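The values are calculated or read from the model by the stated rules, or taken from the named source; none is laboratory data. All values reported here derive from a predicted model rather than from experimental measurement. Here the Cβ positions follow ideal geometry from the backbone for every residue, glycine too, while neighbour counts run over all protein chains shown.
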Amino acid sequence: MKHRCVFVLLILPSTSGAEVFELQALDFGTIAIISNDSVSSLTIDKFGNTIVSPSLRIVEPPSSGRFLIDNLAPNTGIRITMSHNATTMTPLTTSQEFFTFSLTDYSDYLVADGNGEAELFVGGTISTSGSGNLNFAQTDYRINYRVTFLF
C-alpha cells in the first residue's frame, strides 16, 4: 500500500513589508506500511534526514519544509512559532486507519542576512496507530499547521 502525506500551510507574516514564500512543502513522500502491530513512525528533520521504523518503507522520498522570508531590513531578528490544532491527519477519502502528526524540528529564531533574507526549514513526524489494522486508504493524508513570523 502507498500513502502520500502532504501538508497545507497557513502562514501569518507580520504587517511589515516582509514577504514569506514556501519554497518546498513539508512532505513525507509515499510510504508502504508493512505492519501496524505497534506504533511506527517516520521522522524527517529540518535538514531532510529521516528516521524510519522497520514497519514502514519509503517508496518516494520525503522532504523537509522550506520557507524564504524576504524584504526585511538587514540583520532583522525573526521569532517563529508553529502550531497545529489537530494531531490526526485527515485522509482525502474514508479510511479506518489514520496517521498522527507532530512538528518536531524547526528554528524558533532567525536573523536576516545582509540582503534582508532568511530561510526557515521545518521537520516533523508521522506515526501509525499501532492498532494491528492495515486498512489505510491509499490516498493523501493532510493536516494544517500554522507558522507565525514576528519581526
Selection from the stretch 103-136 of residues aromatic (Phe, Trp, Tyr) and closer than 17 Å to Ser40 by Cβ yields Phe136
Out of curiosity, is Thr94 at pLDDT below 90 and over 27 Å from Phe149 (Cβ atoms)?
-> yes
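One line per residue, one yes/no per condition, for (1) among the charged types (D, E, K, R); (2) crowded, with 16+ Cβ neighbours inside 10 Å; (3) touching a Pro at 6+ places or on another chain (Cβ under 7 Å):
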position	(1), (2), (3)
Ser107	no, no, no
Val111	no, no, no
Glu119	yes, no, no
Tyr145	no, yes, no
Phe149	no, yes, yes
Is it the case that Leu134 is hydrophobic (A, V, I, L, M, F, W, C) and within 25 Å of Glu19 (Cα to Cα)?
-> no
Do we find that Thr104 is under 12 Å from the mean Cα position of the chain (by Cα) and modelled with pLDDT of 90 or more in this structure?
-> no
Got at least one residue in the stretch 9-29 being more than 15 Å from Glu117 (Cα to Cα), at pLDDT 90 or above and of a type in the set (A, V, I, L, M)?
-> yes
Can you name the residue in the stretch 43-67 that is crowded, with 16+ Cβ neighbours inside 10 Å and more than 11 Å from the chain's Cα centre (by Cα) and is also nearest to Leu110 (Cα to Cα) among such residues?
-> Phe67
Go through the stretch 32-42 and give me each residue that's surrounded by 14 or more Cβ atoms within 10 Å (Cβ to Cβ) and more than 20 Å from Thr87 (Cβ to Cβ).
-> Ile34, Ser35
Quick one: in the stretch 31-51, of everything that is outside any loop (DSSP other than H, G, I, E, B) and in contact (Cβ under 8 Å) with a residue 12 or more places away in the chain, which residue is farthest from Tyr141 (Cα to Cα)?
-> Thr50
In the stretch 44-81, the residues that are of a type in the set (Phe, Trp, Tyr) and out of contact with any Gly (no Cβ under 8 Å at 6 or more places or on another chain) = Phe67
How many residues does the stretch 71-91 contain that are out of contact with any strand residue (DSSP E or B) (no Cβ under 6 Å at 6 or more places or on another chain) and at pLDDT below 85?
-> 2
